[in-house]
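Input: a single structure, listed below in structure tokens.
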Amino acid sequence: MKTRSENERVTKGGQPFPGRLAVIIVVISGLGLSLALFFTTRAWDDAQFQIAFTRESRQAVSFLKEGIDNGLDVLHGLKAFHQSSEEVARQEFGIFTGHYLNRGIGLQAVEWIPFVPGSERERFEKAAQRDGLPNYRLTERDDTGHMVRAGQRLAYYPVYYLEPLIGNEA
């Protein structure tokens, strides 16, 4: 009978060469399979992240677009309202804008800001006082942030109507 050393080649470590080769093949196969699974899982995870990101981005864009469209609807409605009236009274403005504000479309307030030439300032302030705003005057903030009477200029753009007034005072 032949001895083991005669039948098989023995390596320095004492194990037969074919046994060591099997271990090396198993280790390399395991590493290869692990790397393949890692990269496959990573690619799948990246794809899922991209899908979620795209979905959430589209929702955010849709929400933003809806808000802009709602704001434009209000502007177009106010434009038509003012164009179809000789003069818009404060109470009419409140009733008209209340419709938009009660819809819950994300508006905090609606304002009417007319163009007032500098030469019409005194007449405009007096008309506002007769319209139910006894202390109305054109104002601006000074360097310290306090409201003061606005300086002389060629034109003004004052807030004249504001709905709702409560919570939006300057």
Only unsatisfied item for Pro114, checking (1) modelled with pLDDT of 90 or more; (2) open to solvent by 70 Å² or more (accessible area, probe 1.4 Å), is (2)
Considering only strands (runs of 3 or more DSSP E) wholly within segment 123-170, the ones with at least 3 residues that are modelled with pLDDT of 95 or more and among the aliphatic types (A, V, I, L, M) are none
Note to self: Please determine whether any residue of segment 47-61 is free of Cβ contacts under 8 Å to residues at least 60 places away in the same chain, under 20 Å from Glu169 (Cβ atoms) and among the hydrophobic types (A, V, I, L, M, F, W, C).
What the structure shows: no
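Within segment 151-161, restricting attention to residues that are farther than 19 Å from Arg90 by Cα and either in contact (Cβ under 8 Å) with a residue 24 or more places away in the chain or among the hydroxyl-bearing types (Ser, Thr, Tyr) (or both), which residue is least open to solvent (accessible area, probe 1.4 Å)?
By that ranking, first place goes to Tyr156.
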Residue count, segment 99-155, condition in contact with a helix residue (DSSP H, G or I) (Cβ under 7 Å, 6 or more places away or on another chain) and not charged (D, E, K, R), comes to 13
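Yes or no: Leu107 free of Cβ contacts under 8 Å to residues at least 12 places away in the same chain and closer than 30 Å to Phe63 by Cα?
Details: free of Cβ contacts under 8 Å to residues at least 12 places away in the same chain: no; closer than 30 Å to Phe63 by Cα: yes.
No, not satisfied.
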- Message: Could you go through segment 127-143 and let me know if any residue there is surrounded by fewer than 12 Cβ atoms within 10 Å (Cβ to Cβ), on the phi < 0 side of the Ramachandran plot, under 33 Å from the mean Cα position of the chain (by Cα) and not basic (Lys, Arg).
- Response: yes
Within segment 62-111, the residues that are open to solvent by 80 Å² or more (accessible area, probe 1.4 Å) and either closer than 21 Å to Gln129 by Cα or of a type in the set (Val, Ile, Thr) (or both) are Ile68, Glu86, Glu87, Gln91, Glu92, Ile95, Glu111
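The values are calculated or read from the model by the stated rules, or taken from the named source; none is laboratory data. Since we're looking at a predicted model, the values are computed, not measured. Because the Cβ atoms are built from the backbone with ideal geometry, glycine has one as well, and the counts that use them run over all protein chains shown. For accessibility, only protein heavy atoms count, side chains too; no ligands or nucleic acids. Shrake-Rupley method; radii C 1.70, N 1.55, O 1.52, S 1.80 Å.
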